[in-house]
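The values are calculated or read from the model by the stated rules, or taken from the named source; none is laboratory data. Keep in mind that what you see is a predicted model, and the values were worked out from it rather than measured. Cβ: placed from backbone, ideal geometry, glycine included. Neighbour counts: every protein chain shown.
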Amino acid sequence: MVLEVVKYGHPALRQKGTRVESVTPAIRQLADDLYETMHEAHGIGLAAQQVGHALQLMVLDVRGVTDRPSTLELEGKPAEVAAFMPLVLVNPEVTPVGPPATGPEGCLSFPEIFADITRPESVDVKGLDRNGKPISFRCGGLLARVIQHEVDHLHGILFIDRMDRETKEKLRPELEELQADTKAALKSASRSTQARR
């Protein structure tokens, strides 16, 4: 099922996700819905917070991106990224292992807003997969960037928090407009809910 992606200004985006104690059918269904929602929105990563759930759950799929390479190592050996996708990560933990690299990022919760963000070029990742099985790997390039972006979401951190001051200043009018629109929509939805009671 395609869910609504919440936009900047929605309180869910600042919520820290609780750990998933066990991967239940409901969690697997949410992961499937996240994937369908991400796919429909032409995204490459989506965190549970972005659909209003404060959980340590994210999905990603970088197969559609051909101009920004990704690397993957399983048990110390290079692996095929496409064969590993789509990927569900539950309770992910990320350890930086590469030097910082700067690259462009966007976010489905910030439509049409893009900026260069500096993050470690490669990371070690541990977590659970869609079936609750432990998973660990090392990745680099776009895959590492997407995972770090989504893990930030799971902790209530947004990519605007990673922007340098100058970039954020330049984007301030767009960010303030998006935030105001989101808050107005939430207020309007809340009023219509109360009117129906």
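Consider Ala180 carefully, then state whether it is at pLDDT below 95 and either more than 20 Å from the chain's Cα centre (by Cα) or part of a loop (DSSP other than H, G, I, E, B) (or both).
Details: at pLDDT below 95: no; either more than 20 Å from the chain's Cα centre (by Cα) or part of a loop (DSSP other than H, G, I, E, B) (or both): yes.
Judged against the criteria, Ala180 is not a match.
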(Q) List the residue pairs whose Cβ atoms are under 6 Å apart, where the first residue sits in region 43-72 and is closer than 19 Å to Glu21 by Cα, the second is modelled with pLDDT of 95 or more and of a type in the set (Asp, Glu), and the two are 6 or more positions apart or on different chains. (A) Ala47/Glu150; Met58/Glu150
Q.
Exactly one condition in (1) surrounded by 15 or more Cβ atoms within 10 Å (Cβ to Cβ); (2) over 14 Å from the mean Cα position of the chain (by Cα) is false for Glu40; which is it?
A. (1)
Q) Across region 16-52, which residue is farthest from Met85 (Cα to Cα) among those that are among the charged types (D, E, K, R) and outside any helix (DSSP H, G or I)? A) Lys16
Q | Qualifying positions in region 113-134 - within 14 Å of Leu57 (Cα to Cα), surrounded by 14 or more Cβ atoms within 10 Å (Cβ to Cβ) and not small (Gly, Ala, Ser) | A | Val125, Lys126, Leu128, Asp129, Arg130
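Where in region 57-100 are the strands (runs of 3 or more DSSP E), entirely inside, with at least 3 residues that are out of contact with any Leu (no Cβ under 9 Å at 6 or more places or on another chain) and surrounded by 12 or more Cβ atoms within 10 Å (Cβ to Cβ)? Show your work before the answer.
Numbers: elements: 57-60, 70-74, 87-96.
In region 57-100, the matching strands (runs of 3 or more DSSP E) lie at 87-96.
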